[in-house]
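Notes follow once the structure below has been shown.
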Amino acid sequence: MTTSTATIENATGVRGSARRVIPGFGLTLGYTMVYLSLIVLIPLSATFIRSLELGGGHFWAVVTAPRVLASLKLSFGAALFAALINAVFGLIISWVLVRYSFPFKRLIDAMVDLPFALPTAVAGIALTALYAPNGWLGHLLQPLGIKVAFTPLGVVVALIFIGLPFVVRTLQPVLEDLDREVEQAAATLGASEWQTFSRVTLPALWPALLTGFALAFARGVGEYGSVVFIAGNMPMKSEIAPLLIITKLEQYDYAGATAIAVVMLMLSFGLMLGINALQNWALTRNSIR
Amino acid sequence: MSYNFQTSYSTASRKRPRRLYLGRIILIAVTLAFLAAFLLLPLLAVFTQALAKGVGAYLAAISDPLAWSAIKLTLWVAAIAVPLNLVFGVAAAWAIAKFDFRGKSTLITLIDLPFAVSPVIAGLIYILIFGAHGWFGPFLQAHDIRIVFAVPGIVLATIFVTFPFVARELIPVMQAQGKDDEETALSLGANGWQTFWRVTFPNIRWGLLYGVLLCNARAMGEFGAVSVVSGHIRGLTNTVPLHVEILYNEYNYTAAFAVASLLALLALLTLAGKSILEWREPELYHAARRQQAIQRTRRS
């Protein structure tokens, strides 16, 4: 880290001359801006502009309909719950992967990326097969009275699968960089393991943990493919907001679909900004540069 | 490293090592159990279900003409979307890593934007623009051009969803590498293209490959966005993931999982490619990971 930061700082020092030495600034930045605008910015703003055509009253009526509210509550609630579980277990998993050595560790580490690589529809039908009442895990949970498939709990399970690598892959490099001597000093000074972890290690991990949580949460809110198969999709109970958008589209209710989409986008962006603010607060509080 | 950790503990206090060891076993057990339940079992389930009715049924499912037309369409879509996002990724990474300008962190945030947009909304925005009731709807209808519920819509939605992948991998790799090498080459008289191909490219090719692998995996596996714009016309606008869904909803589970196993194999190949990259270029890989994590955490 020190070398890379040094080069960056060095480069900022000679900013004026560097810009002239390396060619292609105008070309690459120009192309980036044009492509970004054409593919992402203009189409995305179209959604907002189209929702304005609805008019305030109609918009409000659509998004406060009980079925819409229930689906938004489920999408955001399940994503929040899954991200919390991922934060806890992601912390344990990245700790174990960085600090301990055990057989097949590299293989297990590589497997953490599976949710990034496995298509969501495949994950969806596989999780449904596992957690259905006659599935490998479903028939174990059935006697305990726990139903996963075709309930809101199924949504959470799918979102745990989708979000896990975001937490682990954000925490791992930070854990690798932590200065062990500080922990060892705490231990020599008589701190228990738990004290060392909660007072020394954890404060340094907070910003990364929050980032991983936020990424997993954001991904979970909009997730569709892995959820539709396992959720059961009952209106008011296990119907997620993205599915309701598709239902509205199939009924040619474009205005309704757009209104839900805009609410989802605004809630997601708002939450991301909030989490970013929280992160900056955590960063300055721990004074990690 | 872990050895050091333990010895320092045991010299600090003689009572602790056994408890530490127990804690360690519990944490490793929790990790393995969690990963087995959420990652390994779903993967195993795909292949067991696919082969549940024997190899014959498996081969029949994946050699079905409708499955083949879905595979062909998926390959076409990826063949268009991935190179476009690759060119964009290289351009964006060059601008961001080699130069300093105002609004750089905003630009990085905007590049990441498609990650924060639901795939369903990604499909919806193209219907709002090119659909029958969309901005260009009447124009397209008058000229008999189909974008939505046809292949162009599928390609556009896939480009949107996979937009950040190559850029996201390349930016930290290029930033970790700095620009000293390029400046040296240029001062020795190389021109811009020579510098890129002979100096920059050899340094970034593995990061580039990884970005392309991830981008390709997502392009071939995208479901939500493509589902909205495809119109589900069998043999024409069905990609492999959509074909899986149709088979599944028809209760043809064995065939659904057989076709799904092809996508699972693609995922395993992607992970293998990533592991080879880590093994070949461990230092570069870790520098880039670190840069990425720091950048994500620090961005405001």
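The values are calculated or read from the model by the stated rules, or taken from the named source; none is laboratory data. Quick caveat, the model's predicted, so the values are computed rather than measured. Quick reminder, even Gly has a Cβ in these numbers, built from the backbone with ideal geometry, and neighbours come from all protein chains shown. Only protein heavy atoms, including side chains, enter the accessible area calculation; ligands, DNA and RNA are left aside. Shrake-Rupley method; radii C 1.70, N 1.55, O 1.52, S 1.80 Å.
So here's what we get for this one:
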{"quantity": "Which numbered condition A:Ser45 misses (of (1) crowded, with 16+ Cβ neighbours inside 10 Å; (2) facing chain B (nearest Cβ under 10 Å))", "calculated": "(1)"}
{"quantity": "Options A:Ala129, A:Ala117: the member that is at the interface with chain B (Cβ under 7 Å from one of its Cβ atoms) and either under 23 Å from B:Gly273 (Cβ atoms) or touching a strand residue (DSSP E or B) at 6+ places or on another chain (Cβ under 7 Å) (or both)", "calculated": "A:Ala117"}
{"quantity": "Selected residue (only one of B:Ala217, B:Ala176, B:Ala190 is under 25 Å from B:Ala272 (Cα atoms) and open to solvent by 10 Å² or more (accessible area, probe 1.4 Å))", "calculated": "B:Ala176"}
{"quantity": "Segments classed as helices (runs of 4 or more DSSP H), wholly inside region B:174-234, with at least 3 members that are closer than 28 Å to A:Thr258 by Cα and in contact with a Gly (Cβ under 9 Å, 6 or more places away or on another chain)", "calculated": "B:224-230"}
{"quantity": "Options B:Ser261, B:Ser230, B:Ser187; residue that is within 10 Å of another protein chain (Cβ to nearest Cβ) and under 25 Å from the mean Cα position of the chain (by Cα)", "calculated": "B:Ser261"}
{"quantity": "Conditions (1) open to solvent by less than 20 Å² (accessible area, probe 1.4 Å); (2) within 11 Å of chain A (Cβ to nearest Cβ): number failed by B:Thr237", "calculated": "(2)"}
{"quantity": "Unique residue being without any contact (Cβ under 8 Å) to a residue 40 or more places away in the chain and closer than 20 Å to B:Tyr251 by Cα when the list is A:Leu107, A:Leu130, A:Leu140", "calculated": "A:Leu130"}
{"quantity": "Residue among B:Ala60, B:Ala52 that is out of contact with any Lys or Arg (no Cβ under 7 Å at 6 or more places or on another chain) and in a helix (DSSP H, G or I)", "calculated": "B:Ala60"}
{"quantity": "Boolean, B:Leu27 is surrounded by 16 or more Cβ atoms within 10 Å (Cβ to Cβ), farther than 30 Å from B:Trp197 by Cβ, at pLDDT 90 or above and out of contact with any Leu (no Cβ under 9 Å at 6 or more places or on another chain)", "calculated": "yes"}
{"quantity": "Members of region A:188-208 that are among the aliphatic types (A, V, I, L, M) and either more than 9 Å from every other protein chain (Cβ to nearest Cβ) or open to solvent by 10 Å² or more (accessible area, probe 1.4 Å) (or both)", "calculated": "A:Leu189, A:Ala191, A:Val200, A:Leu202, A:Ala204, A:Leu205"}
{"quantity": "A:Leu140 vs. criteria open to solvent by less than 10 Å² (accessible area, probe 1.4 Å) and either in contact with a Gly (Cβ under 8 Å, 6 or more places away or on another chain) or more than 8 Å from chain B (Cβ to nearest Cβ) (or both)", "calculated": "no"}
{"quantity": "Single residue of region B:80-131 satisfying the filter (among the charged types (D, E, K, R) and more than 7 Å from every other protein chain (Cβ to nearest Cβ)) that is surrounded by the most Cβ atoms within 10 Å (Cβ to Cβ)", "calculated": "B:Asp112"}
{"quantity": "In region A:187-202, the residues that are in a loop (DSSP other than H, G, I, E, B) and polar (S, T, N, Q)", "calculated": "A:Ser192"}
{"quantity": "Test: residue in region A:154-174 that is open to solvent by 40 Å² or more (accessible area, probe 1.4 Å) and in a helix (DSSP H, G or I)", "calculated": "no"}
{"quantity": "Filtered residues of region A:91-122 (kept if of a type in the set (S, T, N, Q) and either closer than 30 Å to B:Asn238 by Cα or under 18 Å from the mean Cα position of the chain (by Cα) (or both))", "calculated": "A:Ser94, A:Thr120"}
{"quantity": "Considering residues of region A:213-241 that are of a type outside the set (A, V, I, L, M, F, W, C) and closer than 14 Å to A:Leu271 by Cα only, the residue most open to solvent (accessible area, probe 1.4 Å)", "calculated": "A:Arg219"}
